[in-house]
Amino acid sequence: QSTWGSYAECVNGIVVHNTKTNQRITVVDSARVHWNYFPDEVIESLVTEGEIFSSAGGFMVEHETFSKYIKTINGSIESIQGLPVTSLRQLIHQSKQIENLINPHHDHQHQHQHQH
């Protein structure tokens, strides 16, 4: 009897370090996949197939066999697949905003140099 039917949680830590300002911004991004019950034969099939072993977390939400047993996903697919790009972009944007607050004329001077 399979013990699945609960959830798997993926947790990603992201750090953006701005080398111009020496400021670091961090975030912990997590997501949960809630599974419907599936029989042991499904697990045996996945193990035999072997593709599952290329996944760091031992499951792939995009896998045809697994995807039909997903009940709900709380969080982003990116977090489950390994790199939450949306969160990373937000941190990079925040880092640039901090840089502009610390040195507000830097961007203007840099743009001005490229115009000449």
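The values are calculated or read from the model by the stated rules, or taken from the named source; none is laboratory data. Everything numeric here is computed off the predicted structure, so don't read it as measured data. As a convention, Cβ positions derive from the backbone with ideal geometry for all residues, glycine included, and neighbour counts pool all protein chains shown. Ligands, DNA and RNA are stripped out before the accessible areas are found, and what is left, the full protein with its side chains, is counted by its heavy atoms. Shrake-Rupley method; radii C 1.70, N 1.55, O 1.52, S 1.80 Å.
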Neighbourhood net charge (10 Å Cβ-Cβ; Lys/Arg +1, Asp/Glu -1) for Ser95:
+2
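If each residue of separation counts as 0.36 nm, what is the full-extension length gain between Gln90 and Ser6 once their alpha-carbon separation is subtracted?
Extra length from Gln90 to Ser6 when fully extended: 27.2 nm.
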Taking the Cα centre of region 30-69 as origin and charging only Cβ (+1 Lys, Arg; -1 Asp, Glu), how large is the dipole, in debye to the nearest 20?
260
Can you compute 3J(HN,Hα) from phi for each residue in region 59-65, using the Karplus curve 6.51 cos²θ - 1.76 cosθ + 1.60 with θ = phi - 60°, rounded to whole Hz and x for Gly and Pro?
8, 9, 5, 7, 5, 4, 5
7 Å from Cα along Cα→Cβ at both Asn100 and Leu83: what's the point-to-point distance in nm?
2.5
Given points 7 Å out from each Cα along the Cα-Cβ axis, report the Lys20 to His63 separation in nanometres with one decimal.
4.4
Based on DSSP H runs of at least 4 residues, each adding -39500 (n - 2.57), what is the mean residue ellipticity at 222 nm of the chain after dividing by all its residues, to the nearest 500 deg cm²/dmol?
-11500 deg cm²/dmol
Structure-derived Rg/Rh (Cα atoms, Kirkwood Rh) - corresponding label in [x] 1.30; [y] 1.23; [z] 1.02
[y]
The size of the Cβ-based charge dipole (Lys, Arg +1; Asp, Glu -1) of region 1-51 about the Cα centre, to the nearest 20 debye, is 660
Work out the length of the dipole vector of the chain about its Cα centre, built from +1 on the beta-carbon of each Lys and Arg and -1 on the beta-carbon of each Asp and Glu, and round it to the nearest 20 debye.
680
Taking 7 Å along the Cα-to-C-beta vector as the label spot, tell me the Val27-Phe53 distance in nanometres, rounded to one decimal.
3.6
For the chain, what is the accessible area per residue in Å², given a 1.4 Å probe and the full set of protein chains?
70
What is the chain's relative contact order, in percent, from Cα pairs under 8 angstrom and six or more apart in sequence?
29
